[in-house]
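Okay, handing you the structure first.
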Amino acid sequence: MELNENAAAASPGSAGMSRRLILSILAVVAVLAAIALDTAVVAIGSDEDQRQAAFDPDAFGQSEFPRISEAVRARAVEAPVLAQALGEDKNAAIESYGTPGGIGAFMPVQLEGVVGEGKSGIFDLTVAGLPEGTRVRLQTGPAINGTELRDITGDILFGAFKNQIEYQDAGAGINRAMAASTLVDLDRDNLPGKTVAVVGVFNLINPKNWLITPVSLEVR
């Protein structure tokens with residue numbers, strides 16, 4: 001009798017523990033099911049797999065530079081025409097020829113000029129037909145700075161990237177792709193005094209101070 005009474009006394013607690021155990025198991029199953037429903041199976045090598053892989057700025061640059069170069073060549077304005085338009089009405093010139101940016105606009109330009117003094121791969125150019133006091137410089141690397149090539153088309157936007165670092169890396173990757181395509185055999189030491197034909201982009205901060213990032217450069 002005493003054993004049966006003890007067993008009977010213990011059974012309500014045991015039943016409660018059993019219910020709690022069952023509820024816990026059901027909760028775990030529900031969580032696992034929700035995770036399974038929210039998890040997509042990604043095939044190796046698929047487009048989705050590539051998007052989830054770490055961002056490769058050099059691959060991005062090599063992919064994007066050819067179309068950027070083509071777009072700049074198609075839109076590039078002769079330097080004297082662009083300088084005159086900027087002098088007459090900067091906002092109208094930007095609307096006609098440029099791409100608005102966060103700080104200044106990005107202007108595509110083509111010109112022929114004589115190379116002057118240079119420092120750290122940046123050379124002054126003497127270009128006929130420009131207003132007095134207009135300074136034109138060309139950056140030739142090896143390091144290419146700025147985001148002119150990334151931003152000139154207006155369709156490579158921050159929202160397409162994970163964060164600001166990735167967005168900056170995208171610009172650097174495009175610059176490296178340009179340098180590998182355009183500047184790899186450039187003899188910088190012997191550039192002064194030479195005539196060059198350039199198509200490129202500059203960030204319009206001061207209408208009389210252009211620092212051009214090229215998409216094509218021909219030494220004549």
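Could you sort Thr126, Thr147 by accessible area so the largest value comes first, with the probe set to 1.4 Å?
Thr126, Thr147
Mind giving me the FRET efficiency for Asp155 and Glu132? R0 is 45 Å, r the Cβ-Cβ distance, nearest 0.05 is fine.
The pair Asp155/Glu132 has a calculated efficiency of 0.75.
Send over a whole-number figure in Å² for the accessible area per residue of region 123-186, probe 1.4 Å.
49 Å²
Which FRET efficiency value, to the nearest 0.05, is calculated for Lys208 and Asp185 with the Förster distance at 35 angstrom and r the Cβ-Cβ distance?
Efficiency computed from Cβ-Cβ geometry: 0.65.
With the crude spin-label approximation of a point 7 Å out along Cα→Cβ, what separation in nm comes out for Ala54 versus Lys162?
A separation of 0.9 nm, rounded to one decimal place.
On a 1.4 Å probe surface of the protein chains, which of Thr195, Thr140 comes out largest in accessible area, and what is the full order?
Thr195, Thr140
Using alpha carbons only, how many angstrom separate the centre of region 59-74 from the centre of region 115-167?
15 Å
Any chance you could list P(r) for region 103-201, counting all Cα-Cα pairs in 5 angstrom bins from zero, rounded to whole %?
The distribution over region 103-201 is 2, 11, 20, 23, 19, 13, 8, 4, 1, given as percents.
On to the next question. Taking all protein chains in place and a 1.4 Å probe, what share, in percent, of the accessible surface of region 85-166 do carbon and sulfur account for?
Percent of accessible area from carbon and sulfur atoms in region 85-166: 50.
The values are calculated or read from the model by the stated rules, or taken from the named source; none is laboratory data. Quick caveat, the model's predicted, so the values are computed rather than measured. All Cβ positions, even for glycine, are placed from backbone atoms using ideal geometry, and neighbour counts span all protein chains on display. Please note that ligands, DNA and RNA were not included when accessible areas were found on the heavy atoms of the full protein model with its side chains. Shrake-Rupley method; radii C 1.70, N 1.55, O 1.52, S 1.80 Å.
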